[in-house]
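Everything on this sheet refers to the single structure shown next.
The values are calculated or read from the model by the stated rules, or taken from the named source; none is laboratory data. Everything numeric here is computed off the predicted structure, so don't read it as measured data. Here the Cβ positions follow ideal geometry from the backbone for every residue, glycine too, while neighbour counts run over all protein chains shown. Remember, those area values only see protein heavy atoms, side chains included, never the ligands or the DNA or RNA. Shrake-Rupley method; radii C 1.70, N 1.55, O 1.52, S 1.80 Å.
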Amino acid sequence: MTVVEATRDARRLVVFALETAVVTACYFGAGRLGLLRRLVVEGAVVTPIWPPTGVAVAALLILGPRAWPGIALGAFFIIASISTPGPDTPVLVLGNTLAPLCAYLLLSRVGFRTDLSRLRDGLALVFLGALTAMLISASIGVGTLVVAGKLAMDGFWLVWPAWWVGDAMGVLIVTPVLLLVYGARWPPRLSRWKEATALAVVAAVVVPVAVFDPVSLLFLVYPLIIWAALRFQLAGSMLCALFTSVVATFAATDGVGAFARLAPVEVMMKLQAFNGTMALTALLLSSVITEQRNTRTSVEEACQELAEVLEHLTAADAPPPRAPADTEKAEKAEKGERRGAQ
């Protein structure tokens, strides 16, 4: 028994080490991608979308609380890659770890489902996982910069909203996509591949035109999001939202198209407002449509089961079929009765 238990413990340790390594690598990779397109507000580096928060929340929802060491290590490596670690580094790591953990606990408390098949799941991810939990990382992060002397007190209320919304956007856009990939059936069904291809082609044309046109045609994106949500639910709407957010971030950081001739603060506000409303539309609309379809499917299955039960009850109440000999006797008896009556 001792050998068996030791083997199990060794396997668990190996699995835990592998999971931690994968979470750390994904968190660090997402952070480096997010830093490719960053803005400087009041001397502080902020990103319109911070993908690592989405990776962290998805990892916690999939693996559970044991994913937190990978999140902490990933946050440390990101900070070390952009500046020399100092006394404020552990506090920043703490804030980046506590916020996803808080999001996980809040979502677990309300019975969150990772398939996002209900409207309440979408609302929980928006208001609890993103907007509420990310208050922790923004407050700790910006507060630490002020205490360390890296940010003036006057710039607190300019950097704090940008930090908060950037973390929240990571949860709203990246987490649903990762949960979708995790719960997808492989290989995927290609029943509507023609329409999916048409949607991808239209998105590849419409989104750059809407974002890079100096007239600011960002509103053209919303019919595309609605089409994707109606026909492909979460898979279509969130992938479309992710693509649009990436294109909009490129335009914003380059200061072109709809974001031309704007101050850095104005660029950040416009970009985050656009990304936020688009992500909310995609997530909540797809959740509503998925919930309605699941409800209709449940009703149809219940009606089918009820019809089968009625068929069984009707068959049980019907008189048993007569044997051929009994049928002949009954016919002769009826003929005899008719003759006697005549």
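Need the failing condition index for Ala44 against (1) at pLDDT 90 or above; (2) over 20 Å from the mean Cα position of the chain (by Cα); (3) open to solvent by less than 20 Å² (accessible area, probe 1.4 Å), just the number.
(1)
State the number of residues belonging to the stretch 278-305 that are within 14 Å of the chain's Cα centre (by Cα), among the β-branched types (Val, Ile, Thr) and farther than 17 Å from Arg120 by Cβ.
Residues that pass the stated criteria total 1.
So which of Ala241, Ala260, Ala251, Ala235 is out of contact with any Cys (no Cβ under 6 Å at 6 or more places or on another chain), touching a residue at least 12 places away in the same chain (Cβ under 8 Å) and over 21 Å from Ala162 (Cβ atoms)? Spell out how you get there, then give the answer.
Values: Ala241 fails: over 21 Å from Ala162 (Cβ atoms); Ala260 fails: over 21 Å from Ala162 (Cβ atoms); Ala251 fails: over 21 Å from Ala162 (Cβ atoms).
It is Ala235.
Select from the stretch 109-119 the residues that are open to solvent by 20 Å² or more (accessible area, probe 1.4 Å) and either in contact (Cβ under 8 Å) with a residue 12 or more places away in the chain or acidic (Asp, Glu) (or both) and list them in ascending order.
As a first pass, look at the stretch 109-119 and keep what is open to solvent by 20 Å² or more (accessible area, probe 1.4 Å): 109-115, 118-119.
Hits for the stretch 109-119 are Val110, Phe112, Thr114, Asp115, Arg118, Leu119.
Scan Leu94, Leu73, Leu106, Leu101 and give me the residue that is more than 25 Å from Val177 (Cβ to Cβ), of a type outside the set (S, T, N, Q), assigned to a helix (DSSP H, G or I) and open to solvent by 30 Å² or more (accessible area, probe 1.4 Å).
Leu94
Which one of Ala251, Ala210, Ala273 is at pLDDT below 90, open to solvent by less than 10 Å² (accessible area, probe 1.4 Å) and either assigned to a loop (DSSP other than H, G, I, E, B) or not aromatic (Phe, Trp, Tyr) (or both)? First the steps, then the outcome.
Working: Ala210 fails: at pLDDT below 90; Ala273 fails: open to solvent by less than 10 Å² (accessible area, probe 1.4 Å).
So the residue among Ala251, Ala210, Ala273 that is at pLDDT below 90, open to solvent by less than 10 Å² (accessible area, probe 1.4 Å) and either assigned to a loop (DSSP other than H, G, I, E, B) or not aromatic (Phe, Trp, Tyr) (or both) is Ala251.
Between residues in the stretch 15-40 that are part of a helix (DSSP H, G or I) and residues that are at pLDDT below 95 and of a type in the set (Lys, Arg), which pairs lie under 8 Å by C-beta distance while being six or more apart or on different chains?
Phe16/Arg66; Glu19/Arg66
Looking at Gly129, Gly166, Gly86, which one is in contact (Cβ under 8 Å) with a residue 12 or more places away in the chain, not in a helix (DSSP H, G or I) and not aliphatic (A, V, I, L, M)?
Going through Gly129, Gly166, Gly86 in turn, just one is in contact (Cβ under 8 Å) with a residue 12 or more places away in the chain, not in a helix (DSSP H, G or I) and not aliphatic (A, V, I, L, M): Gly86.
If a residue has to be farther than 15 Å from Ala200 by Cβ and under 13 Å from the mean Cα position of the chain (by Cα) to count, how many in the stretch 214-247 make the cut?
Qualifying residue count, the stretch 214-247: 2.
Pick from Val201, Val171, Val221: which is in a helix (DSSP H, G or I) and open to solvent by 40 Å² or more (accessible area, probe 1.4 Å)?
On the way: Val171 fails: open to solvent by 40 Å² or more (accessible area, probe 1.4 Å); Val221 fails: open to solvent by 40 Å² or more (accessible area, probe 1.4 Å).
Of the residues listed, the single one that is in a helix (DSSP H, G or I) and open to solvent by 40 Å² or more (accessible area, probe 1.4 Å) is Val201.
One line per residue, one yes/no per condition, for (1) within 17 Å of Gly34 (Cβ to Cβ); (2) at pLDDT below 90; (3) of a type outside the set (Ser, Thr, Tyr):
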| position | (1), (2), (3) |
| --- | --- |
| Leu98 | no, no, yes |
| Cys102 | no, no, yes |
| Asp121 | no, no, yes |
| Met134 | yes, no, yes |
| Val147 | no, yes, yes |
| Lys150 | no, yes, yes |
| Leu178 | yes, no, yes |
| Ala184 | no, yes, yes |
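Are there any pairs with C-beta distances below 9 angstrom linking a residue in the stretch 195-208 that is farther than 14 Å from Leu220 by Cβ to a residue that is modelled with pLDDT under 90 and among the aromatic types (Phe, Trp, Tyr), with the two at least 6 apart or on different chains, and if so which?
Once the first residue is farther than 14 Å from Leu220 by Cβ and sits in the stretch 195-208, its partners that are modelled with pLDDT under 90 and among the aromatic types (Phe, Trp, Tyr) give Glu195/Phe232; Ala196/Phe232; Leu199/Phe232.
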